[in-house]
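The values are calculated or read from the model by the stated rules, or taken from the named source; none is laboratory data. Keep in mind the model is a prediction, meaning the values are calculated, not measured. Neighbour counts are summed over all protein chains in view; Cβ atoms, including those assigned to glycine, are modelled from backbone coordinates with ideal geometry. Surface areas here come from the heavy atoms of the whole protein model, side chains and all, with no ligands, DNA or RNA. Shrake-Rupley method; radii C 1.70, N 1.55, O 1.52, S 1.80 Å.
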Amino acid sequence: MFTDAHAHLSFPQFDEDREAIIMRLQESRVSILINPGTNVQTSEGAIAIAHALPFVYANVGLHPGDVNHFDMNDLEKLESLSYREKVVAIGEIGLDYHYPDHNKSIQETCFREMLRLAKRRDLPVVIHTRDAWEDTFRILEEEKSSNLRGFMHCFSGGIDEAKRCLKLGFKISIPGIITFKKSTLPEVVAALSLDDILTETDCPWLAPTPYRGKRNEPAFVVEVAKKIAEVKGVAVEEVAQRVYSNLTSLLHIQPLN
């Protein structure tokens, strides 16, 4: 039973063949999929799909790339959406300094607001960070509380960053990048316990080898689990089971019988 902790199944890239995508992920034994929101509209879309499919759950959140159009009404809407059935986390949220037009101040304000929402609602957070590790750690330290937990989605750091995440109470979600030839993620996974790891696709982007260059999809998360199994020297079934337990425990999802 494989798990995709972060898949944008409601995004328009899947509008023409979503039913086929769902069929393939079921054939690949993907038993749980978490569909994140990036703003109010996509959070609503994630919830709609979660309500339609028993194995899909939703997050609601504000992606750092969407903060320039954010206002306090959106915060109220996201908080209201967080009470909807099958919403299991606040995300994806965080910081992204990759593009030259990023606004650090607005991103930080929105990141803090989303973390505070998660603490009020006692929900885990799903964090996106790119080219912003030090500010991400600083804000998490400053906003730290006994109920602040979650995972670092599409982890892109090294062993030191991974250890700092674990110390803050966050798990590490491994994407298809681990299968790329020049990836350093195998070194990170080798240094971690399986108890600290989740698997994801971040589809429709970052398709793993042997699908690199194509549109990514949830069924491909199996390749991520296979690579983790290779690195750890264990059976892929063990990876799948351990990751499944990690995800269901973190997000308070009732395990399947």
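Numbers below:
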{"item": "Descending semi-axes in whole angstrom, ellipsoid equivalent of the chain, from the Cα gyration tensor", "result": "26, 21, 17"}
{"item": "Dipole magnitude (debye, nearest 20) for the range 1-101, charges at Cβ of Lys, Arg, Asp, Glu", "result": "440 debye"}
{"item": "Residue among 101, 74, 15 with the largest mean-square fluctuation in a Gaussian network model of the chain, springs linking Cα atoms under 10 Å", "result": "101"}
{"item": "Rough spin-label spacing in nm, given labels placed 7 Å along Cα→Cβ, for residue 235 and residue 15", "result": "4.4 nm"}
{"item": "nm² value of the averaged projected area, convex hull over the Cα atoms of the range 15-66", "result": "3.9 nm²"}
{"item": "Eligible aspartates and glutamates near residue 167 by straight Cα distance, threshold 18 Å, same-chain separation 8 or greater", "result": "134, 135, 141, 142, 143, 195, 196"}
{"item": "Listed residues 115, 53, 78, most fluctuating in the chain (Gaussian network, C-alpha, under 10 Å)", "result": "53"}
{"item": "DSSP bridge orientation in the chain - percent antiparallel, rounded to nearest 5", "result": "0 percent"}
{"item": "The chain: DSSP helices with Cα axial extent of at least 15 Å and average Kyte-Doolittle hydropathy no lower than -1.0", "result": "40-52, 104-121, 221-232, 236-251"}
{"item": "Convex hull of Cα atoms in the range 91-151, direction-averaged projection (nm²)", "result": "3.7 nm²"}
{"item": "Per residue Cα convex hull volume in Å³ - calculated over the range 28-108", "result": "96 Å³"}
{"item": "Chain lengthening between residue 69 and residue 137 when straightened (0.36 nm per residue, less Cα-Cα)", "result": "22.0 nm"}
{"item": "Along principal axes, Cα extents of the range 150-204, largest first, whole Å", "result": "28, 22, 17"}
{"item": "Descending semi-axes in Å of the range 142-257, equivalent ellipsoid built from Cα gyration tensor", "result": "22, 17, 14"}
{"item": "Alpha carbon centroid spacing (whole Å) that separates the range 35-72 from the range 204-225", "result": "22 Å"}
{"item": "For the range 1-151, the fraction of alpha-carbon pairs in successive 5 Å shells from zero, as %", "result": "2, 10, 20, 21, 19, 14, 9, 5, 1"}
{"item": "Aspartates and glutamates whose Cα lies under 14 Å from that of residue 226, excluding same-chain neighbours fewer than 8 positions away", "result": "4, 200, 237, 238"}
{"item": "Of 77/144; 86/232; 144/232; 182/232, pairs whose Cα-Cα distance is over 22 Å", "result": "77/144; 86/232; 144/232"}
{"item": "Accessible surface of the range 3-104, 1.4 Å probe, proportion on carbon and sulfur as whole %", "result": "49 percent"}
{"item": "Whole-number D in µm² s⁻¹ for the range 65-196, Kirkwood Cα-pair radius fed into Stokes-Einstein, 20 °C, 1.002 mPa s", "result": "138 µm²/s"}
